[in-house]
Amino acid sequence: MSLDFRPAAILFDMDGTMLDSESAVTECWLQSAQEHGYHFDEAVQHAMIGLADPYCRAMLQLHFGPQLPVASLFARTDALYSVRVNAGLPTKPGLHALLDWLDATGLPKAVGTSSTRARTMAALGATGLLPRFQTVVCADDVAHAKPAPDIYLQAAAQLGVAPQNCLVLEDSDPGVRAAHAAGMQVIQVPDIKQPDAELLALGHKVKTDLGEVLGMLQRTFR
């Protein structure tokens, strides 16, 4: 199967799409929560996937109540995650082959992530991925993070490509909704959480790994 259009740019989410980092993030959250005397069940963990810090803060405060020490919880989680980032996070299967093919094809690439710029630069730098992208847009670069379209719209603008000519690669529900709201086509490669029927109703393509995405692009550009 090929795409029904030839994208002029590819926009990548980072965590869970390029980096096998969601499980590490989850473990850091669980450890931090436990140290603070709280338990994060699976529903809470899944609800935070793909969301920027302000949304997570508000969600956790609503879920656990005003007594939750949000600032301390986030600071400890960040400290734990920084150790993981500095050690080098693994990349998702098929990523480097996909990036190599895109380089050979000449398609511009951008990163659009719900992570902060500091966290993003550290992760992309530690994995050596940063030089492979023309631009990087993070949650703190825009007024509204995913599921709002701002991150992807800004990435497209910085590449000089119209939104309808962009293909977004995402793992999370908020990321898919952001790409859809931006008027872009999106391929979802789920990581920890599988899309539900409501999300699938958007009509986007879902693949098991980036190798399948590469195959689709190669067939599209034949």
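The values are calculated or read from the model by the stated rules, or taken from the named source; none is laboratory data. Here the structure is a predicted model, which is why all the values come from computation and not from measurement. All Cβ positions, glycine included, derive from the backbone under ideal geometry; neighbour counts span all protein chains shown.
Any residue at all in the stretch 129-137 that's part of a loop (DSSP other than H, G, I, E, B), farther than 19 Å from Ala8 by Cβ and either at pLDDT below 95 or not aliphatic (A, V, I, L, M) (or both)?
For the stretch 129-137, residues part of a loop (DSSP other than H, G, I, E, B), farther than 19 Å from Ala8 by Cβ and either at pLDDT below 95 or not aliphatic (A, V, I, L, M) (or both): absent.
Can you tell me how many residues in the stretch 100-115 are in a loop (DSSP other than H, G, I, E, B) and farther than 18 Å from Gln158 by Cα?
1
Filter the stretch 102-126 down to the residues that are of a type in the set (Ser, Thr, Tyr) and either in contact with a helix residue (DSSP H, G or I) (Cβ under 8 Å, 6 or more places away or on another chain) or farther than 20 Å from Ala178 by Cβ (or both) and list them by number.
If the condition is that a residue be of a type in the set (Ser, Thr, Tyr) and either in contact with a helix residue (DSSP H, G or I) (Cβ under 8 Å, 6 or more places away or on another chain) or farther than 20 Å from Ala178 by Cβ (or both), then Thr105, Thr113, Ser114, Ser115, Thr116 are the ones that fit.
Could you pull out the residue among Asp13, Asp103 that is surrounded by fewer than 16 Cβ atoms within 10 Å (Cβ to Cβ), in the same structural domain as Gln134 (by TED's automatic domain parsing) and not β-branched (Val, Ile, Thr)?
The unique qualifying residue is Asp103.
Among the numbered conditions (1) farther than 24 Å from Ala43 by Cα; (2) surrounded by fewer than 20 Cβ atoms within 10 Å (Cβ to Cβ), tell me where Gln194 comes up short.
Tallying (1) farther than 24 Å from Ala43 by Cα; (2) surrounded by fewer than 20 Cβ atoms within 10 Å (Cβ to Cβ), Gln194 fails exactly one: (1).
Could you figure out which of (1) within 23 Å of Val44 (Cβ to Cβ); (2) at pLDDT 95 or above; (3) buried (at least 16 other Cβ atoms within 10 Å of the Cβ); (4) in contact with an Asp or Glu (Cβ under 6 Å, 6 or more places away or on another chain) isn't true of Pro147?
So the condition that Pro147 fails would be (4).
Quick one: would you say Leu124 is touching a residue at least 24 places away in the same chain (Cβ under 8 Å), surrounded by 20 or more Cβ atoms within 10 Å (Cβ to Cβ) and over 13 Å from the mean Cα position of the chain (by Cα)?
no
Residues that are touching a residue at least 24 places away in the same chain (Cβ under 8 Å) and of a type in the set (Gly, Ala, Ser): list the helices (runs of 4 or more DSSP H) wholly contained in the stretch 162-222 that include at least 1 such residues.
Those helices (runs of 4 or more DSSP H) span 173-181, 210-220.
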